[in-house]
Every structure is written in C-alpha cells, then in structure tokens.
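Note sheet for the following structure.
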Amino acid sequence: TKREQRQSWLNQSGLGVTPGQFWAISIGAGISSFTALFLITQVFIVSVIPAILLGALPKSYLTKKRAKLIDDRTRVWPDALRTLIAGIASSQSLHQAMKSLGDSGPIPLRPVFKKYARLTQALDQKSALEVIKEDLADPKSDRIIEILISATEAGPGVVLDILRDLASSTTKDLQLADH
C-alpha cells in the first residue's frame, strides 16, 4: 500500500517517524512560516510562497539524507563482507558473524545488523534477513542480502567461498561506479 511505501521511504532515510508525523512536520512548518510572514507583511502572496518552500523543505532534506545513507552503506559493504569472512575463518558461524557486525562492523551498517540480532531472537535467520532487505530496499544491498540468505543454508566452507566472491565483486562494482 501507499502508506507502507511511505513508511519504507522514511525508514530508509534513517528518521524514525511515521508518515503522519512527517506530514504534520511539513504542514506545521508551512503554516507557522505563513503565519509569521503574514503577520509581518499583511500580504498573502508574499507569505504563501516562502511557506510552500518551507513546507517542502523536510522532504528535500530527507531525500538527500536517504541518498547519502544508501551511498554510505553501499560503500562499506566490501568491508562488512571481509569482516564476515574473518569472523567465519576464526570459527564463528555466519549468524554469529552477522550479529557481531552490529557492534564492530562498519558504522553505516551497524544499525542494520543490530536490528538483525534483535529480530533473530523471535525469527529465524532467513526471515530476519528478509526484514532487513525490505528495510534497506536498494538494489545493491538486496543482492548482498539475497546471497547472505542463500549462504545461511550452506556449510561453512561454501559460505567462505561465497562471501569471498561477493566481496570481490562488490569491490569491483564500487570501483567501476567511481570510475
């Protein structure tokens, strides 16, 4: 539904508000700026144009913040994957290694894997990763999460190979995008 899409968009921007709260902030900014300007100028058109612009400011801000957050996460995936590889190589399970990313992984991905750790208390690994994938909702992260879901069903030796290949291809993708 549209409400779920709006909530997903707000979640991706890292702001913990509902669509209703977002609209209240936007409309409140517009109305308060209109009121203040109208009291000063007593001219409707002079008051309404800045009010509309200020009402649109929260969406503009969140759009930029969302894009930056997605870019930051995309750039640190290779490091996160190498951290997973190191954890598994030092006898952790994939699940344990993913949970540890919440505390010691790359900063832009820590909240994601802290949520994963919380979710696995009530859900299985695959379902928790599906929720994370929906929250992130960007193609690059989707691909990585899909491969992690597949890796949860594989043995440790296969997981290491999968993660090494994924880290390598993700690094190459970033280098290509930068070029």
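The values are calculated or read from the model by the stated rules, or taken from the named source; none is laboratory data. Since this is a predicted model, take the numbers as computed values, not measurements. Please note: Cβ atoms are built from the backbone with ideal geometry, for glycine as well, and neighbour counts cover all protein chains shown. The protein model used for the area step is the full one, side chains on, heavy atoms only, and it has no ligands, DNA or RNA in it. Shrake-Rupley method; radii C 1.70, N 1.55, O 1.52, S 1.80 Å.
Among helices (runs of 4 or more DSSP H) entirely within segment 1-89, having at least 2 residues that are modelled with pLDDT of 90 or more and open to solvent by 30 Å² or more (accessible area, probe 1.4 Å) singles out 19-41, 44-89.
Where helices (runs of 4 or more DSSP H) fall entirely within segment 112-179, those with at least 1 residues that are among the acidic types (Asp, Glu), free of Cβ contacts under 8 Å to residues at least 12 places away in the same chain and touching a Leu at 6+ places or on another chain (Cβ under 8 Å) are at 139-152. Within segment 147-177, the residues that satisfy the criterion of being of a type in the set (D, E, K, R) and more than 14 Å from LEU94 (Cα to Cα) are ASP165, LYS172, ASP173. Output the number of residues of segment 95-121 satisfying the condition of being over 24 Å from ALA154 (Cβ atoms) and of a type in the set (A, V, I, L, M, F, W, C). Qualifying residue count for the region: 1. Scanning segment 136-166 for residues that are in contact with a Phe, Trp or Tyr (Cβ under 9 Å, 6 or more places away or on another chain) and within 20 Å of GLN96 (Cα to Cα) turns up SER141, ILE144, LEU166. Candidates are the residues of segment 90-111 that are of a type in the set (Gly, Ala, Ser) and either assigned to a helix (DSSP H, G or I) or open to solvent by less than 80 Å² (accessible area, probe 1.4 Å) (or both); the one that is farthest from PRO139 (Cα to Cα) is SER90.
Does LYS172 meet the test of being over 16 Å from the mean Cα position of the chain (by Cα), of a type outside the set (Ser, Thr, Tyr) and loosely packed, with under 14 Cβ neighbours inside 10 Å? Taking the combined requirement at face value, the residue satisfies it. Is it the case, given these coordinates, that GLN125 is over 25 Å from SER13 (Cα atoms) and of a type outside the set (A, V, I, L, M)? So GLN125 does not fit the description; no.
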